[in-house]
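Peer 1: Please read through the structure below; I'll follow up with questions.
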Amino acid sequence: MPELPEAETIVRGLAPVIRERRISSVKVEHADVLDGEADAFSRQLVGRRIEEVGRRGKNIVLVLDSGERLVVNLGMSGRLLHRAPHDDTPPPTHPAVHFELERSTTLVYHDVRRFGRLRVMAAEAYRSWSRSLGPEPLGRAFTGRRLARDLSGSVSPIRSWLLDQRRVVGIGNIYANEALHRARVHPRTPAREIPEKGVVRLHRAVRKVLRDSIQAQGTTLRDYRTARNEEGSYAHHLRVYGRKGEACPRCGTPVKRIVFGNRPAFYCPQCQPEPEPSS
């Protein structure tokens, strides 16, 4: 599913073209992507001006002039696409919600599998929800010292720890695997057993991988597209994710694949040795 770099790329693409525009109408094609009834959803949005376009973790957040937020989680295959006036490119094939904005601009939520979720949240409800999530890994609060402190109290495998949005937001399986390879940490290593130098490497690796992916406009493996319906190019820079049997770019050892927590993990057995069994 789209992770932090993909959501951030969409935000950066949408902000210049939809900020300060009012929502003229809302057409719901598939109400199963909504939190609530289609009529109520539309009433909350029609006539509202989009004041800010932002992100919280993997979620795209449109701040409305009412103080409410439209929160969009893309699920597995969601896309939030901007359609300019007189756009002659093929229209989205699986639209779920159309938002008509003033000056003939259209925003389309497209979702083949319809696992995404759109919801309108009151300001206080949004703040409460946001407080339940971990820090932004590219924000000031996500320091190496905080990471070391938080890891020290957990026996969870570090790959699982990184995927827990209550610990740190926005990181999914792709970037967890990539950061752990850069940090030379095995994905099954218990969080509290990572040595001090490993924590420092991991903190730097997480931020490096996310920033590099944003620069490449995200990772397109299948469904993800930018707000302009373009593919992200970071897939060409992946070191281990999805590369079972290929040579580790650092040492040449074939990359291995394991499954735990119902998700695959990819790692180099030479650069990321198995943790010693706990006594």
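The values are calculated or read from the model by the stated rules, or taken from the named source; none is laboratory data. It should be emphasised that the depicted structure is a prediction, and the values quoted were computed from it without experimental measurement. We place every Cβ from the backbone using ideal geometry, glycine too, and count neighbours over all the protein chains shown.
Peer 1: Looking at (1) surrounded by 14 or more Cβ atoms within 10 Å (Cβ to Cβ); (2) farther than 28 Å from residue 217 by Cα; (3) not polar (S, T, N, Q), which one does residue 40 not meet, given that it meets all the others?
Peer 2: Every condition holds for residue 40 apart from (1).
Peer 1: So which of 68, 102 is of a type in the set (Asp, Glu), within 30 Å of residue 37 (Cβ to Cβ) and in contact with a helix residue (DSSP H, G or I) (Cβ under 8 Å, 6 or more places away or on another chain)?
Peer 2: Working: 102 fails: in contact with a helix residue (DSSP H, G or I) (Cβ under 8 Å, 6 or more places away or on another chain).
On inspection, the qualifying residue turns out to be 68.
Peer 1: Give 20, 8 a once-over and let me know the one that is at pLDDT 95 or above, farther than 19 Å from residue 113 by Cα, surrounded by 22 or more Cβ atoms within 10 Å (Cβ to Cβ) and not basic (Lys, Arg). Lay out the reasoning, then the answer.
Peer 2: Numbers: 20 fails: surrounded by 22 or more Cβ atoms within 10 Å (Cβ to Cβ).
Unique residue meeting the criteria: 8.
Peer 1: Follow-up question, since we're still on this one. Of these, 103, 117, 146, 113, which one is over 26 Å from residue 238 (Cβ atoms), touching a Gly at 6+ places or on another chain (Cβ under 8 Å) and surrounded by fewer than 23 Cβ atoms within 10 Å (Cβ to Cβ)?
Peer 2: Only one candidate passes the filter, namely 117.
Peer 1: Got at least one residue in the stretch 196-217 being surrounded by fewer than 20 Cβ atoms within 10 Å (Cβ to Cβ), closer than 29 Å to residue 153 by Cα, among the acidic types (Asp, Glu) and at pLDDT below 95?
Peer 2: Within the stretch 196-217 (the criterion being surrounded by fewer than 20 Cβ atoms within 10 Å (Cβ to Cβ), closer than 29 Å to residue 153 by Cα, among the acidic types (Asp, Glu) and at pLDDT below 95), the answer is no, since none of the residues qualifies.
Peer 1: Then there's this: Scan the stretch 232-263 residue by residue and report those that are in a loop (DSSP other than H, G, I, E, B), surrounded by fewer than 17 Cβ atoms within 10 Å (Cβ to Cβ) and either of a type outside the set (Gly, Ala, Ser) or not assigned by TED's automatic domain parsing to the domain that holds residue 179 (or both).
Peer 2: 244, 246, 249, 250, 251, 253, 262, listed by residue number.
Peer 1: Can you tell me how many residues within the stretch 211-252 are of a type outside the set (A, V, I, L, M) and closer than 29 Å to residue 94 by Cα?
Peer 2: Of the stretch 211-252, the ones of a type outside the set (A, V, I, L, M) are 211-213, 215, 217-220, 222-226, 228-234, 236-237, 239, 241-246, 248-252.
Add one more test, that the residue is closer than 29 Å to residue 94 by Cα, and what stays is 213, 215, 217-220, 222-226, 228-234, 236, 241-242.
Count: 21.
Peer 1: Another question, if that's okay. Give the residue, chosen from 140, 159, 201, that is without any contact (Cβ under 8 Å) to a residue 24 or more places away in the chain and part of a helix (DSSP H, G or I).
Peer 2: 201
Conditions tested, residue by residue: (1) within 15 Å of the chain's Cα centre (by Cα); (2) at pLDDT 95 or above; (3) not basic (Lys, Arg).
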{"residue": "62", "(1), (2), (3)": "no, yes, yes"}
{"residue": "70", "(1), (2), (3)": "no, yes, yes"}
{"residue": "82", "(1), (2), (3)": "no, yes, yes"}
{"residue": "117", "(1), (2), (3)": "yes, yes, no"}
{"residue": "133", "(1), (2), (3)": "yes, yes, yes"}
{"residue": "138", "(1), (2), (3)": "yes, yes, yes"}
{"residue": "142", "(1), (2), (3)": "no, yes, yes"}
